[in-house]
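Colleague: I'd like to ask you about the structure that follows.
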Amino acid sequence: MYFDAVTIMALVGELNPTLVGGRIQDSLEVDDDSIGLEIYANHERHYLLLSAHQQYARVHLSTEKLRRGVEKPSPLGLLLRRYAEGAYIERIHQPAWERVMIFDLDGPEGAFQVIVEPMERRANILLVRDDQTIVDCIRRVGPQENRIRISLPGQPYTPPPPQKLKRDPLTLTLPLLGDMLDGAPGEKVQQILTQRLLGFSPQVAKEVVFRATGQINTRAADTSPRTLLNVIHDLFS
């Protein structure tokens, strides 16, 4: 499953009423890329998988108890035992239109965050103090790999850079959408939406275009801006 910003938005809405207020009873490393949390919330045990797999990064609840899958715990695994076990989940949230999920926790070491970035090749899971200093992460990234976003213990956490050239679909108006389509009449609408709107992955764009036109490869010149806008607004209502 592709974890785009819209998927994360829906998942945050699902997990908040299920897990917020719950206590983390156990943390373990399912494999080299994944963390499992056992959470007691709403009089039930829940098993949450956080994965930074470079192809199948994801976050989801599991119906079965998660099992430890590594012989020797990693530095992050040891730190999560110290920070997370016994901690309470205060809030689960997402920076607007980003492929990032943040768990605000309060535990034996005070307030901190577990930040999951399910971005395939750049996927990561980070343990971050309340002052936004990285304690550790599942995938360390030095300045040789990324000069803008360094992910190393002791470094400040840097969120993904803002997508300044894209528009918020929640504030999109009919004239603005009409201008987008009129400016590229021969281009596929799915490509315009992906390039111009925040949170629109290719999968989301195809779904919106199909709902509006009955097919996924419709060109801008053959699309009703009003119908398309209604579908976009319905998607987030």
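The values are calculated or read from the model by the stated rules, or taken from the named source; none is laboratory data. Note that the structure is predicted; figures quoted are calculated from it, not measured. Neighbour counts are summed over all protein chains in view; Cβ atoms, including those assigned to glycine, are modelled from backbone coordinates with ideal geometry.
Colleague: For the structure I just gave you, tell me whether residue 121 is touching an Asp or Glu at 6+ places or on another chain (Cβ under 8 Å) and not in a strand (DSSP E or B).
Modeller: Here the answer is no, as residue 121 does not meet what is asked.
Colleague: Just a yes or no: is a residue in the stretch 71-83 in contact (Cβ under 8 Å) with a residue 60 or more places away in the chain, in a loop (DSSP other than H, G, I, E, B) and either β-branched (Val, Ile, Thr) or in contact with a Phe, Trp or Tyr (Cβ under 7 Å, 6 or more places away or on another chain) (or both)?
Modeller: no
Colleague: Taking the stretch 1-25, which residues are over 21 Å from residue 99 (Cβ atoms) and touching a helix residue (DSSP H, G or I) at 6+ places or on another chain (Cβ under 9 Å)?
Modeller: Selection gives 24 alone.
Colleague: Kindly provide the set of residues from the stretch 6-20 that are within 12 Å of residue 204 (Cβ to Cβ), surrounded by 19 or more Cβ atoms within 10 Å (Cβ to Cβ) and not hydroxyl-bearing (Ser, Thr, Tyr), ordered by number.
Modeller: 6, 8, listed by residue number.
Colleague: Taking residue 116 as the residue in question, decide whether it is surrounded by 15 or more Cβ atoms within 10 Å (Cβ to Cβ), assigned to a strand (DSSP E or B) and more than 19 Å from the chain's Cα centre (by Cα).
Modeller: no
Colleague: Let me ask something additional. Pick out, from the stretch 142-232, the helices (runs of 4 or more DSSP H) lying fully within it that include 2 or more residues that are under 30 Å from residue 126 (Cα atoms).
Modeller: Per the criteria, 189-196, 202-213.
Colleague: If you don't mind, there's one more thing I want to ask. Somewhere in the stretch 147-156, is a residue surrounded by 14 or more Cβ atoms within 10 Å (Cβ to Cβ), assigned by TED's automatic domain parsing to the domain that holds residue 22 and either of a type in the set (A, V, I, L, M) or within 27 Å of residue 195 (Cβ to Cβ) (or both)?
Modeller: No, the conditions are met nowhere in the stretch 147-156.
Colleague: Here's something else I'd like to know. Condition first: in a loop (DSSP other than H, G, I, E, B), exposed (fewer than 14 other Cβ atoms within 10 Å of the Cβ) and not polar (S, T, N, Q). Now tell me which residues in the stretch 22-63 satisfy that.
Modeller: 32, 43
Colleague: Is there a residue being within 22 Å of residue 155 (Cβ to Cβ), of a type in the set (A, V, I, L, M, F, W, C), surrounded by 15 or more Cβ atoms within 10 Å (Cβ to Cβ) and under 11 Å from the mean Cα position of the chain (by Cα) anywhere in the stretch 76-88?
Modeller: No, the stretch 76-88 has no match at all.
Colleague: Taking interchain pairs and intrachain pairs at least six residues apart, which have beta carbon atoms under 9 angstrom, with the first residue in the stretch 32-46 and assigned by TED's automatic domain parsing to the domain that holds residue 89 and the second among the aromatic types (Phe, Trp, Tyr) and assigned to a strand (DSSP E or B)?
Modeller: Short answer, once both residue conditions are applied: 36/47; 37/47; 37/103; 38/47; 39/47; 46/40.
Colleague: When only residues in the stretch 188-236 that are charged (D, E, K, R) and surrounded by fewer than 17 Cβ atoms within 10 Å (Cβ to Cβ) count, which is farthest from the chain's Cα centre (by Cα)?
Modeller: Step by step, filter the stretch 188-236, then rank; the result is 222.
Colleague: Before we move on, is residue 29 touching a Leu at 6+ places or on another chain (Cβ under 9 Å) and under 28 Å from residue 236 (Cβ atoms)?
Modeller: no
Colleague: Could you please give the count of residues in the stretch 95-113 that are at pLDDT 95 or above, surrounded by fewer than 17 Cβ atoms within 10 Å (Cβ to Cβ) and closer than 19 Å to residue 162 by Cβ?
Modeller: The total comes to 1.
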